[in-house]
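Here the structure is laid out as structure tokens; the discussion comes afterwards.
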């Protein structure tokens, strides 16, 4: 009876019912009871200065344009744009944004052995059916009144966006929840590929993927620019075609913006690499 009453409420009314300050019930559990996505809830956080938000927006644009730029080149480009900023501050902001230079370089250091890094399984792999390989990544998303993070999962065979979520924090639980939703809806992939970020090397993430049994874990090589190229192309597409043109006001506005664009991307936007079919038609093999 209670569930029926909740379902009769509008999405806006259900979002208002979430108590961000309760100690008894987690926000995640409240969202499940109210049948809403956690990504639709925007948590207020410590404000970043207008100056830093503007710098971060330009860092994001520079990184999307040329992901091989490190702190030195980005700081030089920002100074040419008129920003009074040094390399150290650029490094601080890039860490906050989860942005790093991507390029091939000699292996001069040993990767931290405390967290096992899984091998990259996509080299020379013939990806020939839906759910063969999923790729997932987290990206910084700028807004008019702050910033937020987005995780997305893409099927590499069809370029279909399997699932996505937004959050103001980048914890492993958030990533695992997003993958769980995708598996429940579409089944298990043969391989799931990510970078070596802490969310993807966490015990929570690794344990969940291993628990699927059927799915192998693959991770990009450190400094490999092309390992996750299709998800990187998606970030470029959604940012340049939507977010940069119409910056969302807040998290709720961003959620609606992403929801609309991803529906268009999956169901209406044709891809030359798919013989001018849509990702959805290739993923479901109805083209």
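The table for this structure:
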{"item": "Check on residue 252, surrounded by fewer than 21 Cβ atoms within 10 Å (Cβ to Cβ) and in contact with a strand residue (DSSP E or B) (Cβ under 9 Å, 6 or more places away or on another chain)", "result": "no"}
{"item": "Qualifying residue in region 123-130 (condition: at pLDDT below 90 and closer than 27 Å to residue 201 by Cβ)", "result": "yes"}
{"item": "Members of region 123-142 found to be touching a helix residue (DSSP H, G or I) at 6+ places or on another chain (Cβ under 6 Å) and part of a strand (DSSP E or B), listed by number", "result": "135, 137, 139, 140, 142"}
{"item": "First in region 271-286 and on the phi > 0 side of the Ramachandran plot, second anywhere and at pLDDT below 90 and assigned to a loop (DSSP other than H, G, I, E, B), Cβ under 9 Å, 6 or more apart", "result": "275/287"}
{"item": "Residue that is surrounded by 14 or more Cβ atoms within 10 Å (Cβ to Cβ), farther than 24 Å from residue 140 by Cβ and either modelled with pLDDT of 95 or more or out of contact with any strand residue (DSSP E or B) (no Cβ under 7 Å at 6 or more places or on another chain) (or both), where the choices are 215, 257", "result": "215"}
{"item": "Tally of residues being buried (at least 16 other Cβ atoms within 10 Å of the Cβ) and under 27 Å from residue 99 (Cβ atoms) across region 123-142", "result": "10"}
{"item": "Residue 243 vs. criteria at pLDDT 95 or above and either crowded, with 21+ Cβ neighbours inside 10 Å or under 18 Å from residue 138 (Cα atoms) (or both)", "result": "no"}
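The values are calculated or read from the model by the stated rules, or taken from the named source; none is laboratory data. Only a predicted model underlies this, so the values are computations on that prediction, with no experimental measurement involved. Because the Cβ atoms are built from the backbone with ideal geometry, glycine has one as well, and the counts that use them run over all protein chains shown.
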